[in-house]
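Written below as structure tokens is the structure these notes are about.
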Amino acid sequence: MPCVGGEAEAMHALGQDEDAAALVQQALSLLQTYPGAEVEDMPNWTHNLALTLLTHAKILQDRDLANAEVDYRRALEHLDAVIVKLGVQCPPQIRLRMSLALAGFAELFLMQEQSSDALSLIDRAQAVLQDSAEALELRKLSDWRLQFARLQGQRCQALRIQGQLQAATQHNREAETELAALQEQFQEQDMPALVVQAAVNLNEQAQILACTSRHEQAVAEQRRQHPRRFTRTTT
């Protein structure tokens, strides 16, 4: 089952959304062939169902916000059920997946400039990571550091929408500091997610500057998004 979801994710990344959606439907059909009452208590089944719904939400996100929101809500319910079921034995990667799902859901609200709803999801996404017993140790891992930077960037965007430019700038700087540290640490490795998030962060800084009428600095920030900023980029 994970391989079907992984293939759908890859197709979505390549823009092959129709084929990706067909694979997602195949995965959902396979999951639903099992008697629900017998498998709802099985964390692996619940987790796979959540991941499949998340993949479908991402496919829909650019063209069908309403249905994407439905799938995000359903996926979050299933992920939350896994975390509650496993308790202290919940693997860190499931908590990270939950945080990523919440951030993806927050993105829907940011696209519609519903900043208060977005901030509520961002707070929960950060709390999910910090609630782990191993939070201090996990905070050193690159995936978790990148997620914290992503959440800071989203918080910056929500605050900018609300007109709180000083607070937005502070969170943007915190995100940029984390991203710069990651870039320095992993400069010999390809990390597409890091490159993308750094570009998003720079774009947000440019928009903050534009909001304060500092247009020349805004243009300079936009130019900094050129791939040569990074020692290695992906094709």
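The numbers here are math on the coordinates, done by the rules we state, and not lab data. Note that this is a predicted model, so its numbers are computed, not measured. Here the Cβ is made from the backbone with ideal geometry for all residues, glycine too, and neighbour counts use every protein chain on show.
Each peptide in 195-205, 112-122, 49-59 receives the mean, over its residues, of other Cβ atoms within 10 Å, and ordering these scores from highest gives 49-59, 195-205, 112-122. Compared with the alpha-carbon gap, the fully stretched path from residue 73 to residue 88 is longer by 3.1 nm at 0.36 nm per residue. Charge tally for residue 140 (other residues, Cβ to Cβ under 14 Å; Lys, Arg +1; Asp, Glu -1): -2. The modelled label-to-label distance for the pair residue 65/residue 137, using points 7 Å beyond Cα in the direction of Cβ, is 4.2 nm.
Loop-located GluC sites (Glu not before Pro) in region 157-188 (DSSP state not H, G, I, E or B) with no more than 14 neighbouring Cβ atoms inside 10 Å: 188.
Here the mean projected area of the convex hull built on the C-alpha positions of region 142-183 is 2.4 nm². Eigenvalues of the alpha-carbon gyration tensor of region 101-173, scaled by 5 and square-rooted, set the equivalent ellipsoid semi-axes at 22, 14, 9 angstrom, largest first. For region 97-168, trypsin sites (Lys or Arg not before Pro) meeting the loop criterion (DSSP other than H, G, I, E, B) and having at most 15 other Cβ atoms within 10 Å: 139, 140.
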